[in-house]
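Here is the structure we will look at, set down as structure tokens.
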Amino acid sequence: MSDIIIKNKKASHEYEFIEKFTAGMVLQGTEIKSIRQGKASIMEAYCTITDGELFVINMHITEYDKGGFVNHEPNRVRKLLLNKSEIGRLTKKLKDQGLTIVPTRLFISQSGYAKMNIALSRGKKLYDKRESLKQQDSKRDIDRAMRRN
């Protein structure tokens, strides 16, 4: 299958991931075609639970260029598919203050379905972000030194 992977690179910098899930998506025909072309963005997206169902909000999928009058709305609310027990567990944990659900990755599975990796996460403080950057820099320096030898 194709290697379409759309990442939310800002999420790991802004949030500390507590628990990760993989969810299916309910899409229209032209939406999946646009995703297969790589024309989607989850940088500003977030998830919410309403009436026991999980939805992704503010995810942008560009209109399919050959869609015509049956094209989809680019920023519509899309339903995510998780088990009832997983949604229940997320609902319980969201009652803690400061937790949110953030999409981290959008990809096409081996069977051809669009899937989204989401993470229950807590926002990082400024000093946590600095510490993360220091760790990344030191890891990068170590990797460079290892390659030279």
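The values are calculated or read from the model by the stated rules, or taken from the named source; none is laboratory data. Everything numeric in this text was worked out from a predicted model, so none of it was measured. Positions of Cβ are generated from backbone atoms using ideal geometry, with glycine treated the same way; all protein chains shown enter the neighbour counts.
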* To do: Just name the residue that is modelled with the lowest pLDDT out of those in region 9-45 that are crowded, with 16+ Cβ neighbours inside 10 Å, assigned to a strand (DSSP E or B) and among the aliphatic types (A, V, I, L, M).
  => A40
* Asked: Hey, among the residues in region 75-105 that are among the basic types (K, R) and not in a loop (DSSP other than H, G, I, E, B), which one's farthest from A11 (Cα to Cα)?
  -> K84
* Starting from region 15-40, keep only residues that are without any contact (Cβ under 8 Å) to a residue 60 or more places away in the chain and within 23 Å of F69 (Cα to Cα), then list their pairs with residues that are part of a helix (DSSP H, G or I) and aliphatic (A, V, I, L, M) whose Cβ atoms are within a distance under 7 Å, requiring at least 6 positions of separation or different chains. => T30/V70
* Members of region 78-120 that are within 11 Å of F21 (Cβ to Cβ), of a type in the set (S, T, N, Q) and under 15 Å from the mean Cα position of the chain (by Cα) -> T104, N117
* To do: For residues that are at pLDDT 85 or above and outside any loop (DSSP other than H, G, I, E, B), scanning just region 51-69, find the one that is farthest from the chain's Cα centre (by Cα).
  => E53
* Could we say that I6 is over 18 Å from G123 (Cβ atoms) and not in a loop (DSSP other than H, G, I, E, B) here? -> yes
